[in-house]
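The values are calculated or read from the model by the stated rules, or taken from the named source; none is laboratory data. These numbers were taken from a predicted model, which means no experiment stands behind them. Reconstructed Cβ throughout: ideal geometry from the backbone, glycine too, with neighbour counts over all protein chains shown. Note: areas computed on protein heavy atoms with side chains; ligands, DNA, RNA excluded. Shrake-Rupley method; radii C 1.70, N 1.55, O 1.52, S 1.80 Å.
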Amino acid sequence: MSFTNELADYNNKKSLANRFRDRRFRFFENQLKKIAPKKGAVLTILDVGGTESFWVNRGYHKNPNIHITLLNLTKTETQHDNMESVVGNAFDLSEYSDNTFDLVFSNSVIEHLYSFKNQELMAKEVQRVGKNYYIQTPNKYFFVEPHYLLPYFQFLPRKTKLFVLSKTRLSRGNKLSMEKAKDKIAEIQLLSLKDMKHLFPGAKIFKEKFLGMNKSLTAYLIEEK
């Protein structure tokens, strides 16, 4: 378990996963400079599926010129004035009008929507309510499936996946019940470069590299003011 923690625990600042996330965030911040608010203005960000700690760890709770709305299936208490938590659905943002937010941000969420139809709905909503967007997801064809930490697990037959998850501890040292294993397999639908281009036809694609392969893909459209 300690080895898994060292690799994949985002709460562990020294973990490999957190170092990858920090590197991706540096790229995001370079893009964010393009739409930095003018003096006295506030930049509004909708983070679909995000957490307050993600932004606090990067110092954004100290920036009064940025207001972050954290949208999740459940509401949580926030500790900082420039952040609020709201209940919502990633593929139905009908409570917001077009171009409500300066930026829609989402990190490793779109692959958790159970079907490509839901992913299409989320992509359309992101592009509707955001003047700009930045949507990251693991690459389907990277050799390690990041949710299970197993090589090429995403391409195994469903029966084999169920056996590995419910009968062994090969995935992150855990053994799941059969029902939880079925739900997790249904939930996680990884996306390829072709898929992301289809979902976000006007976007640029940032390809995060590891060992010469695309580890994650980010569709972004951030236009300089």
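Might you check whether a residue that is surrounded by fewer than 19 Cβ atoms within 10 Å (Cβ to Cβ), part of a helix (DSSP H, G or I) and not polar (S, T, N, Q) occurs anywhere in the stretch 131-152? Taking every residue of the stretch 131-152 in turn, none turns out to be surrounded by fewer than 19 Cβ atoms within 10 Å (Cβ to Cβ), part of a helix (DSSP H, G or I) and not polar (S, T, N, Q).
Only one of these is open to solvent by 60 Å² or more (accessible area, probe 1.4 Å), out of contact with any Pro (no Cβ under 7 Å at 6 or more places or on another chain) and either modelled with pLDDT under 95 or among the acidic types (Asp, Glu) (or both): 33, 117, 124. Name it.
Numbers: 117 fails: either modelled with pLDDT under 95 or among the acidic types (Asp, Glu) (or both); 124 fails: either modelled with pLDDT under 95 or among the acidic types (Asp, Glu) (or both).
Sole residue among the options that is open to solvent by 60 Å² or more (accessible area, probe 1.4 Å), out of contact with any Pro (no Cβ under 7 Å at 6 or more places or on another chain) and either modelled with pLDDT under 95 or among the acidic types (Asp, Glu) (or both): 33.
Residues that are assigned to a strand (DSSP E or B) and under 12 Å from the mean Cα position of the chain (by Cα) were ranked within the stretch 85-120; the one that is nearest to residue 29 (Cα to Cα) is 105. Applying the condition of being among the small types (Gly, Ala, Ser) and over 27 Å from residue 196 (Cα atoms) to the stretch 153-177 and asking which residue is surrounded by the most Cβ atoms within 10 Å (Cβ to Cβ) yields 166. Note on the stretch 93-106: residues that are over 16 Å from residue 222 (Cα atoms) and open to solvent by less than 60 Å² (accessible area, probe 1.4 Å) total 2. Looking only at residues that are within 13 Å of residue 147 (Cα to Cα) and not hydrophobic (A, V, I, L, M, F, W, C) in the stretch 174-204, which one is modelled with the lowest pLDDT? Applying the filter and picking the extreme gives 174. Looking only at the stretch 36-54, residues that are modelled with pLDDT of 95 or more and surrounded by 15 or more Cβ atoms within 10 Å (Cβ to Cβ) come to 10 in all. Residue 64 satisfies every condition listed in (1) under 20 Å from residue 31 (Cα atoms); (2) modelled with pLDDT of 95 or more except (2).
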